[in-house]
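What follows is a single structure, written as structure tokens, with notes after it.
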Amino acid sequence: MSRKLGILGGMGPLATVEFMQKIISRTPAHNDQQHIPMLVSNNPQIPDRTAYLISNGEDPYPALKEGMEQLQQAGAECIVMPCNTAHYWYTRLTNSCNVHTISIIDSVVDEAKHRRYRTVGLLATTATMMAGMYQTKLAQQQIDAIETTDSEQQAIMNGIYAVKAGNVEHGKQLMQPVFEAMLNRGAEAVIFGCTEIPVALAEQTISQPQHCLDSLDILAEQCVHWAQADAPELVA
């Protein structure tokens, strides 16, 4: 494939690497040359998105915009952000972007609609939850969202930051009970609406794929579909 994919990552770095692995594993390539060229900005110095949105932290928009511009200058023909909370700035960023972009949130909601789910659980950062980024788009598709309780949300946030710190097992211990609680409350599937969550709950995505809407995996699949547009012989 010749189309160059730009990845604005580092939010966090482990999730970015996992995202790249998912793209590679989903690409129906028979040799090196048939894989997707990726231009990656893995910049963990982008200010914390949740800290800005809920506690007056440093604004990440300038760093996000700079990263988008650098990827365009490097030759990216499509740019994606494997970070759900960063999509708070998606419209503003894409308005000044001259190449194709794919929204992780739109991709997940489209997949939920495609699977004909009527009720889904939502696991995400507190900022993503408070901004209603998923809830609004799910409601537009007549899909109900089950949200976390206060204690569950605290566990999710602690789990997310555990993964960011490299302690994936601890993140799993914190997040798995919340995932199971969502299913017990009637969710047909649970949106992993922060890209650290599928890193911690990787076993669930394998053993219970019908109950998981993995935002990293869904975005990776959309990237492969985009890249295949100029390589129809590789369409699986």
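What single numbered condition from (1) out of contact with any Cys (no Cβ under 6 Å at 6 or more places or on another chain); (2) surrounded by 13 or more Cβ atoms within 10 Å (Cβ to Cβ); (3) at pLDDT 95 or above fails to hold for M68? Of (1) out of contact with any Cys (no Cβ under 6 Å at 6 or more places or on another chain); (2) surrounded by 13 or more Cβ atoms within 10 Å (Cβ to Cβ); (3) at pLDDT 95 or above, only one is false for M68: (1).
Residues that are β-branched (V, I, T) and loosely packed, with under 13 Cβ neighbours inside 10 Å were ranked within region 130-152; the one that is nearest to the chain's Cα centre (by Cα) is T136. Could we say that V120 is free of Cβ contacts under 8 Å to residues at least 60 places away in the same chain and either among the polar types (S, T, N, Q) or surrounded by 15 or more Cβ atoms within 10 Å (Cβ to Cβ) (or both) here? Criteria not met by V120. Can you name the residue in region 12-43 that is within 21 Å of K164 (Cα to Cα) and out of contact with any strand residue (DSSP E or B) (no Cβ under 9 Å at 6 or more places or on another chain) and, of all such residues, is surrounded by the most Cβ atoms within 10 Å (Cβ to Cβ)? So, considering only residues that are within 21 Å of K164 (Cα to Cα) and out of contact with any strand residue (DSSP E or B) (no Cβ under 9 Å at 6 or more places or on another chain), the one surrounded by the most Cβ atoms within 10 Å (Cβ to Cβ) is G12.
Mind checking which residues of region 184-202 are outside any loop (DSSP other than H, G, I, E, B) and under 22 Å from M11 (Cα atoms)? Listed by number, the residues that qualify are V190, I191, F192, I197, P198, V199, A200, A202. Of all residues in region 51-97, those satisfying the criterion of being within 15 Å of G6 (Cα to Cα), assigned to a loop (DSSP other than H, G, I, E, B) and in contact (Cβ under 8 Å) with a residue 40 or more places away in the chain are G75, A76, E77, M81, P82, C83. Being surrounded by 23 or more Cβ atoms within 10 Å (Cβ to Cβ) and in contact (Cβ under 8 Å) with a residue 24 or more places away in the chain is the filter here; which residues of region 200-216 pass it? Passing the criteria: A200, L201, L213, S215, L216. Scanning region 1-58 for residues that are among the β-branched types (V, I, T) and under 26 Å from T128 (Cβ atoms) gives I7, T16, V17, I23, V40, I46, T50, I54. Return yes or no: is I102 crowded, with 22+ Cβ neighbours inside 10 Å and either touching a residue at least 40 places away in the same chain (Cβ under 8 Å) or of a type in the set (S, T, N, Q) (or both)? For I102, the condition - crowded, with 22+ Cβ neighbours inside 10 Å and either touching a residue at least 40 places away in the same chain (Cβ under 8 Å) or of a type in the set (S, T, N, Q) (or both) - is not met. Flag: E77 does not match the condition of being surrounded by 16 or more Cβ atoms within 10 Å (Cβ to Cβ), within 23 Å of L8 (Cα to Cα), of a type in the set (D, E) and within 19 Å of the chain's Cα centre (by Cα).
Listed by first and then second residue, the pairs with beta-carbon distance under 7 Å, at least 6 apart or on different chains, first residue in region 3-31 and more than 14 Å from H225 (Cβ to Cβ) and hydroxyl-bearing (S, T, Y), second at pLDDT 95 or above and not in a strand (DSSP E or B), are T16/G10; T16/P82. When the residues of region 119-142 are filtered to those that are in a strand (DSSP E or B) and of a type outside the set (S, T, Y), the one that is nearest to M157 (Cα to Cα) is L123.
The values are calculated or read from the model by the stated rules, or taken from the named source; none is laboratory data. Bear in mind that the values here come from a model prediction, so they are computed numbers and not experimental data. Don't worry about glycine lacking a Cβ; one is built from the backbone with ideal geometry, like all the others, and counts go over all protein chains shown.
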